[in-house]
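Okay, structure first, notes after.
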């Protein structure tokens, strides 16, 4: 699939060339660190390769010459910003949409009181940007060329058909230029789907990577045979491999060549769980006495997939001697009204401390239109990511969760509620430790993203952040 969005590492680098510039770069670094990003003291070449964002404080010509040898395309390049040393202007130079340079620029513009010079055509003309929408929702873009054609059509004022296999919320409104009906002959179309791309000439497919493929096989299974079986299984489910975010199995398969080769071929991580962890997964699973005797758990593929995603799509299925199962996360497309629209509140605190009562009072005052708990599926997904003990993967999942939650909360002017976990001894159970870590990091990230933050203790709401301010440490 073309146009996979750049892997998010949560890292940034800054470069400055005068004493005044160094002072501003230090302020920028502090703001980005507070927002959850990590500073990397790297040279331009390394920073361009590994970071989400490069910030240059100084003349734009210097920045352009520094990055020129490494520029490839907007689907792979990081965001690059340039600021004058007085902090009067913030200019996105590279990857304004997919890399998030425009959003970074608006964030720093608000914090520094600087003017933001955004030059992307869809922003200037207030048109729907399909690449921004894809990033905000964690979607994979099926064709770069079709994405360009869609943007060009919208800029010309043409209508683009919008279809989705994942229903929108009842309150969701389509942006100007999109129409919810099948395309007329020759009309461009956007379709959100996990099915294989039909490669229709005028249809841009956006794929949500929300499926986990659970796998099991005998030791020494041939690589080609195993891949063919997996592809056949996905074909029967009408799911493209681009809709996978991982494959999962028992840790006994950690060195199994066929499993590792499949993960590499599908371009997803392979996740492994112990028999004890798989036995602890709740639910009813078809069990095999032979597999249980061999591995210590009777349902490897299904339990492994269920450890990564909560919704069952297909239980244990045997294909040419290999075993597969498919589970997915919940997914609802969200249209953010604007990258810098205010109206998202975050209420933190332990359970039974008065968050809901405070949210009701805010709703009565008209400060919010609604409130809700952070959906459990996000916590489950982040817990599964924490179990993998891969910080880069967890950071990517966390960014995806916060981006989606914040976009929807802002568009609906709502408050998000999240119960704190822990505060005492570190749990012995690995899954409980992962849950506490996931909730803690999600809490900090939501606090950084929210416009206002309150901590509830014994029914008393303590403001940690007001609109335009920085958040105190939770």
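Where a number appears in this text, it was derived from the coordinates with a stated rule and is not lab data. Just so you know, these numbers come straight off a predicted model, no measurement behind them. No Cβ is skipped: glycine too gets one built from the backbone with ideal geometry, and neighbour counts run over all protein chains shown.
Cα-Cα pairs above 13 Å in the range 28-80: how many percent? Distances greater than 13 Å cover 61 percent of the Cα pairs. Modelled this way, with points 7 Å down the Cα-to-C-beta line, the labels at residue 19 and residue 370 are 5.5 nm from one another.
Within the range 263-292, name every residue whose backbone N is under 13 Å away from a label modeled 7 Å from Cα of residue 312 along the Cβ vector. Output list for this probe position: 282-287. Taking the number of Cβ atoms within 10 Å of each Cβ as an exposure proxy, the fewest-first ranking of 393, 278 is 393, 278.
Against the chain, whose longest principal axis comes from its Cα atoms, helix 376-387 is set at around 80 degrees. With n ≥ 4 as the cut-off for DSSP H runs, can you work out [θ] at 222 nm for the chain, using -39500 (n - 2.57) per run divided by the number of residues, rounded to the nearest 500? That calculation yields -11500 deg cm²/dmol at 222 nm. Here r is the Cβ-Cβ distance between residue 458 and residue 363 and R0 is 22 Å; the resulting FRET efficiency, rounded to 0.05, is 0.55. The label-point distance for residue 251 and residue 117, in a model that sets each label 7 Å from Cα toward Cβ, rounds to 5.5 nm.
Tell me, how many Å apart are the Cα centres for the range 383-423 and for the range 31-110? Each part's Cα centre sits 24 Å from the other's. With the cut-off at under 15 Å, measuring from each backbone N in the range 291-307 to a point 7 Å along the Cα-to-Cβ line of residue 284 picks out no residue. Annotation: extensible slack from residue 184 through residue 426 equals 81.2 nm (criterion: 0.36 nm per residue apart, minus Cα-Cα distance). Subtracting the Cα-Cα distance of residue 330 and residue 43 from 0.36 nm times their residue separation leaves 99.3 nm of extension gain. Taking other C-beta atoms within 10 angstrom as a stand-in for reagent exposure, 242, 265 fall in the order 265, 242, fewest first. Residues of the range 72-108 falling in the label zone of residue 26, defined by backbone nitrogen less than 19 Å from a point 7 Å along Cα to beta-carbon, are 83-88. Helix 223-237 and the longest principal axis of the Cα set of the chain meet at an angle near 70°. Between residue 174 and residue 159, the simple spin-label model (points 7 angstrom out along Cα→Cβ) gives 0.8 nm.
The distance linking the range 295-335 with the range 428-467 is 30 Å (Cα centroid to Cα centroid, whole angstrom).
Among the DSSP beta bridges whose two residues both lie in the chain, what percent are antiparallel, rounded to the nearest 5? Please report the intermediate quantities before stating the final value.
Details: 23 of 68 bridges.
Percentage antiparallel, nearest 5: 35.
Among 419, 320, the order by Cβ neighbours within 10 angstrom, fewest to most, reads 320, 419.
First obtain the Kirkwood hydrodynamic radius of the range 70-118 from its Cα pairs, then insert it into the Stokes-Einstein equation at 25 °C and 0.890 mPa s, and state the resulting D in µm² per second as a whole number.
Value of D from the Cα-based Kirkwood radius: 230 µm²/s.
Between 0 and 90 degrees, the angle of helix 391-412 with respect to the longest Cα principal axis of the chain falls at about 60 degrees.
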